[in-house]
Amino acid sequence: MLMKKVKEFIEKEDLFSKQDKILVALSGGADSVALTRILITLGYHCEAAHCNFELRGEESDRDEDFVRNFCRSLNIKCHSIHFETRRYAAQQSISIEMAARELRYNWFSKICEESDCQVVAVAHHKDDSVETMLLNLIRGTGINGLLGIRPKNGNVVRPLLCASRQEVVAYLHRMNQTYVTDSTNLEDEYTRNKIRLNLLPLMEEINPSVKDGLVKTASYLNDISKVYQQAIKESIDRIFITPEKEISIEKLMNEPAPQALLFEVLSPLGFNSTQVEEVYGSLNGQPGKRFISSQWQVVKDRELLLIEKVKTANDKPQIIFEEVLLTKDFVIPKDKNTACFDANKFKGVISIRKWEKGDYFIPFGMKGKKLVSDFMTDSKFSLLKKEQQWVLSCNDQIAWLIGERTDNRFRIDDSTQKVIIAKLGKQE
């Protein structure tokens, strides 16, 4: 019996208790209607939340009316909201599906806070988990993508993961319970629907128990992944020279599975499996090769892989200037993000720009000129650090290689009366 199976699953996975208030995500479809009826019948305290994404015209309004009447028949509170989903997707430059997801879960969080609900129950079932597993496999995924949908993720719980779609529909028929059908679920349009309507039926012809087999495999992999993630964490700690920024290529190649490890590092940053393969293939090549995701870049240096957020024009450093009298108590700060200049020497046109080929300065403590490029090479700057180096100039003379070294021509000496203090503002 489905109700008994769901009750045991809730208890086994410790999803929630009878003392918790549950917010059920209720679309009006078969799965969410069955979930709501089962939880109410089992004696749980529920409220419902329905989203009208205004994507299907009259059909969306039909679903909302059904949900309101259904909640009224069960005597439970119904929260509902309308979203301008297409506009939000355009504003955020994301897909309609991703926009609906963000809008939905952000609103669920707000309702939970206002209504003191401890968990959000969504109606994913066994078939959804199998479809997710196959979808990730088709797109290319690491081990985490093969785990299917998990019963609990934060305060989001899935009590129907123990049941198949067929069991859910059979339960509703026994209860003579109506529900609405989203017409887009019947269209062979999106990748998930192609899996549901075409691929899975074909797989079931080969093995009628394929869904159960995949669910068991996902459960097994979930346990294995805990061991895997621990090993990955230990490997990541070994290969990074600086936290999250520089990977030692030599140390990476000494790991048992360097390409798999590289995938685990880069995939959370938006790099897909093909890009990771290209990065891995560049490790024995010349320095300077660059790979870019939506927000991150990886650069192959001589002995390192450099990982940085993609910089924009707004990343120009902010310098705060202060003029003070030079007294016997004045101490020149040793902080690299602070520079001090003789105010009488440091005047005229002040500008901040990226360094350019041919730039030179006289590093503090030296008498002779030195090319900025040579200074950075001698100081073992990485390729990314070189690209991102800014200079502070005074009348076209470099006064400060920002964050690194000041110019000797602007130094404080025995004749100095006033000091200009330049502080580098905090960078993100």
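The values are calculated or read from the model by the stated rules, or taken from the named source; none is laboratory data. The structure displayed is predicted, hence computed values, not measured ones. So basically every Cβ, Gly included, is an ideal-geometry build from the backbone, and we count neighbours across all protein chains shown. Keep in mind that these areas ignore ligands, DNA and RNA; they rest on the heavy atoms of the full protein, side chains included. Shrake-Rupley method; radii C 1.70, N 1.55, O 1.52, S 1.80 Å.
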* Residue-averaged 222 nm ellipticity for the chain, from DSSP H runs of 4+ at -39500 (n - 2.57), nearest 500 -> -12000 deg cm²/dmol
* Collect residues whose amide H, placed 1.01 Å from N in the peptide plane, falls under 5 Å from the amide H of Asn337; neighbours closer than 5 in sequence don't count. => none
* Whole number in Å², please: accessible area per residue of the chain, 1.4 Å probe, ligands, DNA and RNA not counted. => 57
* To do: Could you work out which residue, out of Thr274, Thr416, Thr191, moves most in a Gaussian network model of the chain, that is, has the largest mean-square fluctuation with Cα springs under 10 Å?
  => Thr416
* So which of Lys289/Lys309; Lys4/Lys194; Lys328/Lys370 end up more than 23 Å apart, counting from Cα to Cα? -> Lys4/Lys194; Lys328/Lys370
* When only the heavy atoms of the protein chains count and the probe is 1.4 Å, how do Ile320, Ile402 rank by accessible area, highest first? -> Ile320, Ile402
* To do: For the chain, build the charge dipole from Cβ charges (+1 Lys, Arg; -1 Asp, Glu) around the Cα centre, then report which of Ser164, Val331, Leu283 sits farthest towards its positive end.
  => Val331
* To do: Can you list which of the GluC sites (Glu not before Pro) found in segment 207-254 are DSSP loop residues with at most 16 other C-beta atoms within 10 Å?
  => Glu244
* Asked: How large is the charge dipole for segment 330-370, taken about the Cα centre, if only the Cβ atoms of Lys, Arg (+1) and Asp, Glu (-1) carry charge, to the nearest 20 debye?
  -> 160
* Asked: How much solvent-accessible surface does Arg101 expose, in Å² to the nearest 10, with a 1.4 Å probe and all protein chains in place?
  -> 110
* To do: Please tell me which of these pairs span more than 18 angstrom C-alpha to C-alpha: Lys334/Lys354; Lys336/Lys385; Lys300/Lys336?
  => Lys334/Lys354; Lys300/Lys336
* Does segment 82-162 come out rounded, prolate or oblate by the C-alpha gyration tensor, with a ≥ b ≥ c the root eigenvalues, rounded set by a/c under 1.5 and, if not, prolate when a/b is larger than b/c and oblate if not? -> oblate
* To do: For the chain, with a Gaussian network of springs between Cα atoms less than 10 Å apart, report the residue from Asn155, Asn144, Asn106 with the top mean-square fluctuation.
  => Asn106
* To do: If a/c stays under 1.5 just call it rounded; otherwise compare a/b with b/c (prolate if a/b is bigger, oblate if not). Do that for segment 19-148, with a ≥ b ≥ c from the square roots of the Cα gyration tensor eigenvalues.
  => oblate
* May I ask you to list the GluC sites (Glu not before Pro) in segment 312-391 that are in a DSSP loop and have at most 11 other Cβ atoms within 10 Å of their Cβ? => Glu356
* Structure fact -> Given unit charges at Cβ for Lys, Arg (+) and Asp, Glu (-), the dipole magnitude of segment 111-246 about its Cα centre in debye, nearest 20, is 380
* Run the 1.4 Å probe and let me know the accessible area of Thr217, rounded to the nearest 10 Å². => 60
* Quick one: dipole size for the chain, taken about the Cα centre, charges +1 on Lys/Arg Cβ and -1 on Asp/Glu Cβ, in debye to the nearest 20. => 960
* Asked: Ordered by residue, what ³J(HN,Hα) values in Hz, to whole numbers, does segment 89-95 give under the Karplus form 6.51 cos²θ - 1.76 cosθ + 1.60, where θ = phi - 60° and Gly and Pro are x?
  -> 4, 5, 5, 8, 6, 10, 6
* Quick one: among Leu306, Leu266, Leu392, which has the greatest mean-square fluctuation in a GNM of the chain with alpha-carbon springs under 10 angstrom? => Leu392
* Asked: Counting only protein heavy atoms and using a 1.4 Å probe, what share of the accessible area of segment 265-412 belongs to carbon plus sulfur, as a whole percent?
  -> 49
* Say R0 is 56 Å: what FRET efficiency, to the nearest 0.05, do Asp61 and Arg139 get from their beta-carbon distance? -> 0.95
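Report the local net charge at Tyr280: Lys and Arg +1, Asp and Glu -1, summed over other residues whose C-beta lies under 14 Å from its C-beta.
-2
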* Asked: GluC sites (Glu not before Pro) within segment 259-303: which are DSSP loop residues with at most 15 other Cβ atoms inside 10 Å?
  -> Glu303
* In nm, to one decimal, how far is the modelled label at Arg68 from the one at Gln397, with both set 7 Å along Cα→Cβ? -> 7.7
* Asked: Using a 1.4 Å probe, how large is the accessible area of Met98, given in Å² and rounded to the nearest 10?
  -> 80
